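Here is the structure we will look at, set down as structure tokens.
Each reported figure results from applying straightforward, stated rules to the coordinates on display, with no laboratory input. All values derive from a computational prediction rather than experimental measurement. Glycine also receives a Cβ, built like all others from the backbone with ideal geometry; neighbour counts cover every protein chain displayed.
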Amino acid sequence: MKLPLAAAALFSAVQLWAGVAPAPAEATPTTTPITTANARLGRGINLGNALEAPAEGAWGVVLKAEYFQTIRQAGFASVRLPVRWSAHAGKEPPYTLEPGFAARVDWAIDQALANRLNIIVNVHHFEEMDAEPAAHLERLTAIWSQIAERYRNRPASVYFELYNEPHNQLTAEHWNAALTKLLHAVRATNPTRPVIVGPVSWNAIRALDALHLPASDRNLIVTVHYYDPFRFTHQGASWVKDADTWPSLAWTGSEAEKAAVRTDLEKAARWGRDHDRPLFLGEFGAFSKADIQSRANWTRQVAQEANRLGFSWAYWEFCSGFGAYDPAAERWREPLKGALLGN
């Protein structure tokens, strides 16, 4: 499907404003504030394994000011900031956020804005909520009330993402009820801010049909994550059971392999069109145990399909196990950078 001229011009203009070359896109044919906000996100990258670790540095990543500069100079428009707020909030009402940790998130937002990057602030790894949603929804709601109040006067280039990858006991029934309550908490102080929300089962495309959003809230962007084929993208991953015993897999970019990616992402695009919601591919990446050329082949195909379909996206992730950037050498892994940015 080709974009109508006006919508195509909008998408290209927003990408150019962000310093990113426009890519061919198949997007929602109407232009609304939220489709503009989604187009503005453009191409992004996750600052993973830092603030969503049990403590910053525990997983080998400490954020640095120069990371934001490097990301911007490469041509990315946005960063996604995973944050484990639950490790830095009181266990009893009113569930107060730790001032020092919140100030660290403030700093990250300041760095992004100073470098003309959009930034997505989320709630990541709230493991208790996944295990016992009814027991922890009050705490999550209070956390979001504080986040929303804290950043209510930040520009629209600061996006909120309600929750990363609901799974386990946080089923569609529980999640649909919870997201309504969380949105109510956010909208009390941020009535029009772009908010990102995704389905259960780890933000799986297949779970989109079970996602029920309030029809009256038109400032929502829907996110999905994509790591298929999983045995390729997660081969050798220490946190995946038995992944270290899987045979090594390559991804050559055969027609069959490309068609599988195309089919999967087109399912998400179709859901977005049917429900009049813009799509953000919030995570995709291949772990470093795969060979670099296969990783680049797969990454290029996913990014190109996302661009074609008019998705915004954020690669997982910047400088850790999936990283497109080598922090020790202080340089990009060029095959991955080129796959993402088309150069």
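Report the gain in length on full extension from F230 to A65: 0.36 nm times residue separation, minus Cα-Cα distance, nm rounded to one decimal.
Value of the extension gain: 56.1 nm.
If you project the alpha carbons of region 217-333 onto the principal axes, what extent comes out on each, in Å, largest first?
Each principal axis gives a Cα extent; for region 217-333 these are 42, 33, 26 Å.
For the chain, set up a Gaussian network in which alpha carbons nearer than 10 Å are linked by springs, and say which option among A303, A50, A177 fluctuates the most.
A177
Shape of region 68-173 from its Cα gyration tensor (a ≥ b ≥ c, root eigenvalues): rounded if a/c is under 1.5, otherwise prolate when a/b > b/c, or oblate?
prolate
Mind giving me the FRET efficiency for A259 and L213? R0 is 25 Å, r the Cβ-Cβ distance, nearest 0.05 is fine.
0.25
What pairs from K258/K289; K91/K181; K91/K241; K241/K337 go past 27 Å between their alpha carbons?
Beyond 27 Å between Cα atoms: K91/K241; K241/K337.
Can you pull the one-decimal nm distance between simple spin-label points at E56 and T32, each 7 Å off the Cα toward Cβ?
3.6 nm
Classify region 5-341 from the C-alpha gyration tensor, please: rounded if a/c falls under 1.5, else prolate or oblate depending on whether a/b exceeds b/c.
Cα axes put region 5-341 in the rounded bin.
Quick one: which residues, 5+ away or cross-chain, put their amide H under 5 Å from the amide H of W251? H built at 1.01 Å from N.
Excluding prolines and chain starts, which carry no amide H, the hits are S294.
At 0.36 nm per residue, minus the direct Cα-Cα distance, what do E149 and A188 gain on full extension? Give it in nm, one decimal, please.
Length gained between E149 and A188: 13.2 nm.
Classify region 136-259 as rounded, prolate or oblate, taking a ≥ b ≥ c as the square roots of the eigenvalues of its Cα gyration tensor: rounded when a/c is under 1.5, otherwise prolate if a/b is larger than b/c and oblate if not.
Judged from the Cα gyration tensor, region 136-259 comes out prolate (a/c at least 1.5, a/b above b/c).
Could you work out [θ]222 nm for the chain from helices alone, using -39500 (n - 2.57) per DSSP H run of at least four and dividing by all its residues? Round to the nearest 500 deg cm²/dmol.
Helix-only estimate at 222 nm: -13000 deg cm²/dmol.
Using 7 Å Cα-to-Cβ label points, what is the D326/K91 separation (nm, one decimal)?
According to this spin-label approximation, the distance is 4.4 nm.
In region 162-201, which residues have a backbone nitrogen under 18 Å from the label point lying 7 Å from L113's Cα in the Cα-to-Cβ direction?
189-195
If I model a spin label as a point 7 Å beyond the Cα along the Cα-Cβ vector, how far apart are those points for R206 and H275 in nm?
1.7 nm
Under a point-charge model restricted to the Cβ atoms of Lys and Arg (+1) and Asp and Glu (-1), what is the dipole moment magnitude of the chain relative to its Cα centre, in debye to the nearest 20?
The calculation lands at about 1000 debye.
For the chain, give the share of DSSP beta bridges that are antiparallel, in percent and rounded to the nearest 5; count only bridges with both residues there.
Percentage antiparallel, nearest 5: 10.
Quick query: amide H of V79 versus all other amide H atoms, modeled in the peptide plane; which residues come in under 5 Å with a sequence gap of 5 or more or a different chain?
I45, N118, I119, I120
How many angstrom lie between the Cα centre of region 105-149 and the Cα centre of region 216-276?
24 Å
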